[in-house]
Amino acid sequence: MSSILLGILEEGLVYAILSFGIYITYSILDFPDLSVDGTYPLGAAVTAAMIAAGMDPLITLPVSFLAGALAGIITGTIHVKLGVRDLLSGIIVSTGLYSVNLRIAGKSNLPIFSKDSIFSNPVVGRIFAGGLSFISNAAILLLIVLVLKLLLDAYLNTRSGYLLRAAGSNRKLVISLGKNDGMVRILGLALANGFAAFAGCIMAQKQGYFELSMGTGMMVIGLANVIIGTQLFSRLGGLKATTAVIAGAIIYRACVAAAINAGLEPGDMKLITAVLFLVIIAAGNLRKNRAARRARSC
Amino acid sequence: MLSLKGINKYYNPGTVNEMCLFEDYDLEIRDGEFVSIVGSNGSGKTSLLNMICGSIPVDSGRILIDGRDVTHMPEYRRAEFIGRVYQNPALGTCPDMTILENMSLADTKGKSFDLRRGTDKRRKEHYRELLSGLGLGLENKLDIKVGSLSGGQRQAMALLMSTMTDIDFLILDEHTAALDPKTADLIMELTDRIVREKGLTALMVTHNLRYAAEYGNRLIMMHEGRDVLDLSGAEKERTGVELLLSKFNEISVECGN
C-alpha cells in the first residue's frame, strides 16, 4: 500500500513541475500552449542523450530547461510576430519537435537505466543508505519541486513577474507601461516550456529511459492538474496558486491510480483525462456565465 | 508640442466602402494646453487619439512630438511619454492584481522591469498619499484586488497610474463616458486637478458638452475629419454649453442625423 502511495506522490511531483509551466501559460497568460506536448519529451530526449553520452546528470537540469525555453521562444515568436493563432502555434512547434526529439535521442526509445542519474548515484546512495533507500526518489523530487515552487513564487513577485501577470489580464496596460506586450508573452512561453522540458528531464531520469511518444496528451494532463488544484483550493484563501497546482497534480495521479486499481487499463487514461477535463472546463464556464449574468442584472 | 502635419487616413481602402476620414489634416497642440475635443460619432475624434498614440497607423503625413518624428514609432514606445485613460475603466488597471501591485507597476514605468522586487515597500507611504488624494478611501485597501473595485474607483486609479511618472501628454479617451453622472463629475474634477498640479498637456475627447465648455483652455469641435470649431483663451471662456449645442445641432442637421 505504502509503495502505491509513494508512487502516486513521486509521479504527482514530476507532473507538478510540468503543471508550473501550464500554470504560467494557461492561468497567467491565458494562452493554451500545446507546445508542451513537444517540449516535455524534448527535455527527456536531451537528458537521455547527454546521460547516454556519459555526462553528469546534474548538467542535464539546466540544459533541458534552456532547450525547452528556446522552443517556447519559437512558439511565442510564431504567435506574436507571424500572427498565427495560439493553439496552432503550439501544434506547429510540438509537431516539429517530434522529429527534433528523435534526432536528439537517435532512436524512439533510449534506455539510460544502467547510467547514473540524479536519483541513483553514489552520493544519493550514501545519504539514503539501508532502510531509507525506498524514500530517496520522493525526497529528491520533493526538494526539487519545493525549490522550483519558491523560485516561481519569487519570480512572480519581481518587476518582470508583475509585468507577466499584467500581460495575461490586460495587454493594453502593458503597452501603457511602455513595454512590448508580445515580448512579455514570449518570455512567459519560454519560462513555461522550460518547466515542461525540465519535467521531461526528471521523468526520463526517474523512469530510466526516453520514449518518443511520452509527450502525447501532456498539455491536457498538466492543465487538468492546474484546474483541479486551483478550483479545489480557490476557496481556501491564503494558499498560493503554485501550492494548489502541486496538490492538484498529486490528486490527479491519485485519481488515475484509483481508476487503474478499479480495473481500467492504463490505455484508458487518456479518455478519462479528456472527459474529466471537459467536465472541469464546462463547470468552470457555466459558473462564469452565471456570474456574468448576475453582474449584468445588477 | 505636438503637431500633426498633412495627415491622411482612409478606412477600408480598396473596397467599395472606402472612406476618407482625414484629408490633409493639420493640428498643433502647444505645451500646457488642455484641449477638449467634441463631435458626433464618426467625426474622427477617437481615430485622432489612436493616431497620436500609435494604436492605428496613418496612411500619410507626419506626427511630431517636440520636433521628434514619431509617425512610425510603435504604440508601446510612444507610451513612454504619453499617458492614456480609456473609456473602459478595466483597461487602465490590472484586475487580478492588488491596488498596491498596480501602483507598483505604474511606478516602475520607464524603469527596467527586471528581477528586483515588484513592490518597493519604502514607496508604500507614497502610494497611500497619492491614493488618499483621490478621496475614495483606497489607501486603506492596498491589498484588495483591483477587479473588485467599482468602475469609478478603477477609473480614478487608472488616472492616477497613467500620470504617476513623468509624461508629456495625457490622452483622455471619453474617460467619463462609462460612469454614472456623479462619479463622472468626480473623475472630471480629479482630472482637472491632476492636469493643473502636474502642468500636463492634455487631450480629452468627450461627449459631455458641459465638461468641454467648463474644463480646459482650448476646445475643438470635429466633424467628418475636420475641425469646425477651434477656440482658445478668452474666446473659449465666453463659450457656453448653449452655444456649443447650437453649433453641434447645426452640423448634425447638415448630415441628416
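Laboratory data are not the source of any read-out in this text; all were calculated from the coordinates shown. Just so you know, these numbers come straight off a predicted model, no measurement behind them. Cβ atoms come from the backbone with ideal geometry, glycine included; neighbour counts cover every protein chain shown.
Give the residue list of chymotrypsin sites (Phe, Trp or Tyr not before Pro) in region A:36-115 that are DSSP loop and have at most 11 other beta-carbon atoms within 10 angstrom.
A:F113
Give the cross-link partners of B:K198 among the lysines, using a straight C-alpha distance below 18 Å as the criterion and excluding same-chain residues fewer than 8 apart.
B:K198 reaches B:K109.
So for chain B: antiparallel DSSP bridges make up what percent, rounded to the nearest 5?
Details: 21 of 39 bridges.
Counting DSSP beta bridges with both partners in chain B, the antiparallel share is about 55 percent.
Exposure proxy check: B:E237, B:E224 ranked by fewest other beta carbons within 10 Å?
Working: B:E237 11, B:E224 18.
Ascending Cβ contact count within 10 Å gives the list B:E237, B:E224.
Bin width 10 Å, alpha-carbon pairs only: give the P(r) of region A:1-152 as whole percents, running from 0 to the bin holding the largest distance.
In order of increasing distance, the bins hold 10, 33, 35, 17, 4, 0 percent.
Nearest 10 degrees, 0 to 90: what angle lies between the long axis of helix A:57-82 and the longest principal axis of chain A (Cα atoms)?
Taking the Cα atoms of chain A, the angle to A:57-82 is about 30 degrees.
Using the Kyte-Doolittle scale, find the helices of chain B whose mean hydropathy is at least -1.0 and whose Cα atoms extend 24 Å or more along the helix's long axis, counting only whole DSSP H runs. Walk me through the numbers before you get to the answer.
Details: long enough: B:181-198 (25 Å, -0.52).
Membrane-span-like by this criterion, though nothing is claimed about a membrane: B:181-198.
Measuring from label point to label point, each 7 Å out along Cα→Cβ, what is the B:K182 to A:L82 span in nm?
Computed distance between label sites B:K182 and A:L82 equals 5.6 nm.
To make sure I understand the rule: partners must be aspartates and glutamates, Cα under 20 Å from the Cα of B:K124, and not fewer than 8 residues away in the same chain. Which ones qualify?
Answer for B:K124, where 20 Å is the Cα cut-off: B:D96, B:E101, B:D107, B:D114, B:E139, B:D143, B:D166, listed by chain and number.
What lysines sit close enough to B:K5 to cross-link, taking a C-alpha to C-alpha distance under 19 Å and skipping anything fewer than 8 places away on the same chain?
Hits, sequence-local ones excluded: B:K45.
If R₀ is 51 angstrom, what is the calculated FRET efficiency for the pair A:I280 and B:M19, using the beta carbon separation as r and rounding to 0.05?
Working: r = 47 Å, r/R0 = 0.92.
Efficiency, rounded to the nearest 0.05: 0.60.
How much length is gained if the chain between A:L271 and A:L142 is pulled fully straight, taking 0.36 nm per residue apart and subtracting their Cα-Cα distance, in nm to one decimal? All intermediate terms of the calculation are to be shown ahead of the outcome.
Numbers: separation 129, 0.36 × 129 = 46.44 nm, distance 2.91 nm.
Roughly 43.5 nm would be gained on extension.
State which stretch of chain B is the longest one without any exposed trypsin sites (Lys or Arg not before Pro), exposure meaning a DSSP loop state and at most 15 other Cβ atoms within 10 Å.
Details: sites that count: B:R30, B:K111, B:R116.
Longest site-free region, per DSSP loop and neighbour criteria: B:117-257.
Relative to the first principal axis of the alpha-carbon coordinates of chain A, what is the inclination of helix A:181-207, with its axis defined by its Cα atoms, in degrees from 0 to 90 and to the nearest 10?
20
Based on the Cβ-Cβ distance of A:F113 and A:L151, what FRET efficiency does E = 1/(1 + (r/R0)^6) give at R0 = 35 Å, to the nearest 0.05? Walk me through the numbers on the way to the answer.
Numbers: r = 30 Å, r/R0 = 0.86.
So the FRET efficiency works out to roughly 0.70.
Would you mind counting up the charge near A:D153? Only other residues with Cβ under 13 Å from its Cβ, with Lys and Arg at +1 and Asp and Glu at -1.
Details: positive: A:K149, A:R165, A:K240, B:R117; negative: none.
It works out to a net charge of +4.
Run through the DSSP bridge list for the protein assembly as shown and note the antiparallel percent, rounded to the nearest 5. Before the final figure, lay out the partial values.
Values: 25 of 43 bridges.
The answer is about 60 percent antiparallel.
Rg and Dmax of region B:1-64, using alpha carbons, in Å: what are they?
So, for region B:1-64, Rg and Dmax equal 12.3, 42 Å respectively.
Note down the relative contact order for region A:2-215 as a percent, whole number, built from C-alpha pairs under 8 angstrom at least six residues apart.
In percent, rounded to a whole number, it is 46.
So for chain B, considering every pair of alpha-carbon atoms, how many percent are separated by more than 23 Å? Please list the in-between numbers first.
Working: 17671 of 32896 pairs.
Everything past 23 Å amounts to 54 percent.
Using only the Cα atoms of region A:64-209, construct the convex hull and provide its projected area averaged over every direction, in square nanometres to one decimal. Before the final figure, lay out the partial values.
On the way: hull surface 42.6 nm².
For region A:64-209, averaging the hull's shadow over all directions gives 10.7 nm².
If eta is 0.692 mPa s and T is 37 °C, what Stokes-Einstein diffusion coefficient results for region A:44-127, Kirkwood Rh from Cα pairs, in µm²/s? Show your work: numbers first, answer last.
Working: Rh = 14.5 Å.
The estimated diffusion coefficient comes to 227 µm²/s.
Would you list the P(r) distribution for chain A, with all Cα-Cα distances sorted into 10 Å bins from 0 and each bin expressed as a whole %?
6, 27, 35, 23, 7, 2, 0
Between rounded, prolate and oblate, where does region B:106-180 land on the alpha carbon gyration tensor, with a ≥ b ≥ c its root eigenvalues, rounded for a/c under 1.5, else prolate if a/b exceeds b/c? Before the final figure, lay out the partial values.
Working: a/c = 1.92, a/b = 1.26, b/c = 1.53.
Cα axes put region B:106-180 in the oblate bin.
When only alpha-carbon atoms count, how far does region B:24-175 stretch along each of its three principal axes, as whole angstroms with the largest first?
51, 36, 27
Using Cα atoms only, what is the angle between the long axis of helix A:159-169 and the major principal axis of chain A, expressed in degrees (0 to 90) to the nearest 10?
60
Once every DSSP H run of n ≥ 4 in chain B is given -39500 (n - 2.57) and the sum is divided by its residues, what mean residue ellipticity at 222 nm do you get, rounded to the nearest 500 deg cm²/dmol? List each step's numbers first, then the result.
Working: 9 runs with 88 residues, N = 257.
The helix-only estimate for chain B comes to -10000 deg cm²/dmol at 222 nm.
Go through A:K270/B:K145; A:K179/B:K182; A:K172/B:K141 and tell me which ones have a Cα-Cα distance over 28 Å in this structure.
Values: A:K270/B:K145 37 Å; A:K179/B:K182 34 Å; A:K172/B:K141 24 Å.
With Cα atoms farther than 28 Å apart: A:K270/B:K145; A:K179/B:K182.
Once you sort the root eigenvalues of the Cα gyration tensor of region B:137-211 as a ≥ b ≥ c, which label holds: rounded (a/c under 1.5), prolate (a/b larger than b/c) or oblate (the other case)?
Judged from the Cα gyration tensor, region B:137-211 comes out oblate (a/c at least 1.5, b/c at or above a/b).
Compute the projected area of the convex hull of the Cα atoms of region A:135-190, averaged over all viewing directions, and report it in nm² to one decimal place. Spell out each step's value before the answer.
Numbers: hull surface 17.1 nm².
Projected over every direction and averaged, the Cα hull of region A:135-190 covers 4.3 nm².
Can you pull the percent of Cα pairs in the protein assembly as shown with separation above 42 Å? Before the final figure, lay out the partial values.
On the way: 52997 of 153735 pairs.
The calculated P(r) of the protein assembly as shown puts 34 percent of pairs beyond 42 Å.
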